[in-house]
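The values are calculated or read from the model by the stated rules, or taken from the named source; none is laboratory data. Since the structure is predicted, the reported quantities are computational estimates derived from the model, not experimental observations. All Cβ positions, glycine included, derive from the backbone under ideal geometry; neighbour counts span all protein chains shown. In case anyone asks, the SASA skips ligands and DNA or RNA and just uses the protein heavy atoms, side chains included. Shrake-Rupley method; radii C 1.70, N 1.55, O 1.52, S 1.80 Å.
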Amino acid sequence: PHRGARVRLTFHHGGKFLSARHNWVLVYPGQMDAVDKAVEHDDGIIPKDDKRVIADTPMCDKGVTVMTQFTAPAPGDYPFFCSTPGHGECMNGILRVT
């Protein structure tokens, strides 16, 4: 997206395992590991007042679709990940804002 754009993200849990819950968390550069570690003992639930987080979806079960909306920040590369404990290492990526 472009800076200042209104982004509406739809996240669908199409995974194979019924017991695994997932979410989508967008954070400022350099904050993914710190946020992931901070929520590992809270089942990965992101507190609403965490200033390191730009946007996130609720945790969802297999077959569920959730959404979030946010304004695209300044140009740059922003990491996103699943904050379910142990998932951030392999379920992550980069959102590039231009």
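Across region 13-51, the qualifying residues are those that are in a loop (DSSP other than H, G, I, E, B) and charged (D, E, K, R), and the one among them that is farthest from Val66 (Cα to Cα) is Lys51.
Scanning region 2-17 for residues that are touching a residue at least 60 places away in the same chain (Cβ under 8 Å) and open to solvent by 60 Å² or more (accessible area, probe 1.4 Å) returns His2, Arg3, Arg6, Arg8. Taken together, the residues in region 39-55 that are at positive phi and open to solvent by 90 Å² or more (accessible area, probe 1.4 Å) amount to 1. Of the listed requirements (1) at positive phi; (2) touching a residue at least 60 places away in the same chain (Cβ under 8 Å); (3) out of contact with any strand residue (DSSP E or B) (no Cβ under 7 Å at 6 or more places or on another chain), Ala20 misses just one: (1). Look at Gly86 and say whether it is more than 18 Å from Val7 (Cβ to Cβ) and either touching a helix residue (DSSP H, G or I) at 6+ places or on another chain (Cβ under 6 Å) or open to solvent by less than 70 Å² (accessible area, probe 1.4 Å) (or both). When the stated conditions are applied, Gly86 passes them.
Any residue that is under 20 Å from Pro79 (Cβ atoms) and more than 14 Å from the chain's Cα centre (by Cα) - is there at least one of those in region 5-19? Yes, region 5-19 contains at least one residue that is under 20 Å from Pro79 (Cβ atoms) and more than 14 Å from the chain's Cα centre (by Cα). If the condition is being closer than 15 Å to Arg3 by Cβ and either open to solvent by less than 50 Å² (accessible area, probe 1.4 Å) or out of contact with any Pro (no Cβ under 7 Å at 6 or more places or on another chain) (or both), then region 56-83 contributes Phe70, Thr71, Ala72, Pro73, Ala74, Pro75, Gly76, Tyr78.
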